[in-house]
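A short worksheet on the structure shown next.
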Amino acid sequence: MAWTGLALALLLVGPLVALALVPGAALAAWPVWALTFWPAIASTLAALPYHLQRGLEPADLPEDAAAWVRRRLDALGLIGVRVATIERSRRGPFYHPEEQVIVLPPAVHRHTARAYAAAAHELGHAIVHLQHPRLSRWLLAARLHVDAVFALAIVALLGGALTATPALDPLGLAGCALALVLAGLVLVDELAANHVAVAQLRTALDAAQLRRARRRLAAALATYVAHLLAIATPLVVGRWILDRVDDIELPARIPTGAAAALATIAAVVVLAGAAAALRRLCRPNRADGGWLRLAAVGWAPLLATALVAHPAAPGWRVALALVPAWAVLAVPGWVLIGLAAAALPDDPGGAVSTHPGVRRITMATLAPDDDAPSIGARLWRVARYLWAVPLALWWLLV
């Protein structure tokens with residue numbers, strides 16, 4: 001335990017020193033910094049009406065929503081789709097397409113129109129993805145990559161601003177445009193699920209109940225609309241943002257003494273972590289090198305911030321190193337947003353359905369250990385350790 005504590009303390013040195021080394025002039029890039037968090041903030045704000053819809057609602061339906069979904073699946077002949085409940089989790093209802101499981105938390109196991117709306121929406125996802133497998137692959141890929149693409153685009157804009165490399169601006173805006181397309185596909189997925197959900201709800205709800213359910217669906221859809229509009233923000237006000245940040249000039253700073261020693265250590269750690277990641281890529285069954293990979297991510301911010309104002313450092317190498325650096329330095333902002341989202345009121349849980357077709361599961365159940373990731377997924381995982389490698393090599397060899 002003592003060694004583990006010491007290792008964790010050493011890992012934290014990188015991000016903490018990196019924060020101390022951030023040039024004060026870099027704060028002038030606040031419009032780009034803020035764009036990183038804007039989609040999450042917009043989605044959280046748009047979710048307020050959804051979470052505040054907590055007025056008393058008559059529980060006047062004959063069976064709870066989970067049991068109703070199970071019966072609808074049987075009626076539709078979708079025998080391969082299962083319904084399950086997951087406890088001790090704040091995650092809302094969702095459909096897991098790989099395992100074909102509709103997961104409904106205890107809050108959805110109620111006899112209300114709002115619970116039926118949430119369950120029917122996930123039923124809609126199941127129907128859409130099963131009936132349109134080719135479209136499903138595109139929709140799932142969009143949902144999986146939209147936030148990562150947007151984050152990379154924003155880092156390109158940030159790198160261009162901090163290294164005086166305007167050539168990165170078109171790349172950043174192109175990434176934002178791609179992220180907007182992906183967010184549009186996610187919204188299409190949500191709209192399709194809502195359309196199917198309303199059709200299914202008509203079989204169980206009267207007019208008043210259906211109106212309540214549709215309001216619930218609309219409130220949930222608003223979060224995806226807000227997310228899409230937030231991702232479109234850089235494209236709408238991009239010229240104002242670029243005009244504001246492209247003139248940033250960081251005072252020249254060459255690391256000396258302790259700062260130079262720490263930058264050298266960070267460069268060595270980054271290269272060691274990259275080597276461990278590449279070895280893991282070639283031998284996926286080996287689990288060694290975990291601490292080195294973690295250290296490489298943790299110390300990449302120190303390398304980037306120490307050299308960001310170096311007058312001889314190639315701008316493109318610094319910009320690449322900012323990808324893992326900003327991912328770590330932005331953690332406090334993400335924590336604050338997560339705490340704000342967690343503080344939103346949530347529906348109280350109901351009694352878990354006793355219908356025999358509704359099972360209790362855990363998140364681990366949905367991620368079998370024997371599912372080997374594809375080569376594309378493995379390459380994407382390795383990429384996080386490679387962004388800072390060109391800058392580390394430059395610092396050590398030049």
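The values are calculated or read from the model by the stated rules, or taken from the named source; none is laboratory data. Because the structure is predicted, anything quoted here is derived from the model rather than measured. Every residue, glycine as well, gets a Cβ built from its backbone with ideal geometry; the counts of neighbours run over all protein chains shown. What goes into the accessible areas is simple: the full protein's heavy atoms, side chains included, and nothing from ligands, DNA or RNA. Shrake-Rupley method; radii C 1.70, N 1.55, O 1.52, S 1.80 Å.
Scanning for something at pLDDT below 90 and within 28 Å of P345 (Cα to Cα), does region 76-84 turn up at least one residue?
There is at least one residue in region 76-84 that is at pLDDT below 90 and within 28 Å of P345 (Cα to Cα).
Since L140 meets every condition but one in (1) closer than 30 Å to A28 by Cα; (2) within 23 Å of the chain's Cα centre (by Cα); (3) hydrophobic (A, V, I, L, M, F, W, C); (4) open to solvent by 50 Å² or more (accessible area, probe 1.4 Å), which condition does it not meet?
Looking at each condition in turn, L140 falls short on (1).
Answer yes or no: is there a residue in region 245-263 that is on the phi > 0 side of the Ramachandran plot and not aliphatic (A, V, I, L, M).
yes
Report yes if some residue within region 225-241 is under 23 Å from the mean Cα position of the chain (by Cα) and without any contact (Cβ under 8 Å) to a residue 24 or more places away in the chain; otherwise report no.
Yes, region 225-241 has at least one match.
Here are some residues: W30, W68, W38, W3. Which one is modelled with pLDDT under 85 and of a type in the set (F, W, Y)?
Selected residue: W3, the only one of W30, W68, W38, W3 that is modelled with pLDDT under 85 and of a type in the set (F, W, Y).
Using the structure shown, decide if P166 is open to solvent by 10 Å² or more (accessible area, probe 1.4 Å), of a type outside the set (A, V, I, L, M, F, W, C), assigned to a helix (DSSP H, G or I) and under 30 Å from A309 (Cβ atoms).
no
Of the residues that sit in region 323-347 and are in contact (Cβ under 8 Å) with a residue 60 or more places away in the chain and part of a loop (DSSP other than H, G, I, E, B), which one is nearest to V22 (Cα to Cα)?
A330
One line per residue, one yes/no per condition, for (1) over 18 Å from L336 (Cβ atoms); (2) in contact (Cβ under 8 Å) with a residue 24 or more places away in the chain; (3) open to solvent by 40 Å² or more (accessible area, probe 1.4 Å); (4) out of contact with any strand residue (DSSP E or B) (no Cβ under 8 Å at 6 or more places or on another chain):
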position: P15; (1), (2), (3), (4): no, yes, no, yes
position: A25; (1), (2), (3), (4): yes, yes, no, yes
position: T36; (1), (2), (3), (4): no, yes, no, yes
position: I41; (1), (2), (3), (4): no, yes, yes, yes
position: A67; (1), (2), (3), (4): yes, yes, no, no
position: L73; (1), (2), (3), (4): yes, yes, no, no
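With the condition being among the charged types (D, E, K, R) and under 22 Å from A192 (Cα atoms), I'd like the strands (runs of 3 or more DSSP E) fully within region 61-132 carrying at least 1 qualifying residues.
82-86
If you check H125, H129, H145, H121, which single one turns out to be without any contact (Cβ under 8 Å) to a residue 40 or more places away in the chain, under 23 Å from the mean Cα position of the chain (by Cα), closer than 30 Å to A177 by Cβ and open to solvent by less than 30 Å² (accessible area, probe 1.4 Å)?
Unique residue meeting the criteria: H129.
Condition first: touching a Leu at 6+ places or on another chain (Cβ under 9 Å), at pLDDT 80 or above and open to solvent by less than 70 Å² (accessible area, probe 1.4 Å). Can you find one or more residues in region 50-57 that meet it?
There is no residue in region 50-57 that is touching a Leu at 6+ places or on another chain (Cβ under 9 Å), at pLDDT 80 or above and open to solvent by less than 70 Å² (accessible area, probe 1.4 Å).
Can you tell me which residue is farthest from V146 (Cα to Cα) among those in region 183-225 that are among the charged types (D, E, K, R) and open to solvent by 60 Å² or more (accessible area, probe 1.4 Å)?
D206
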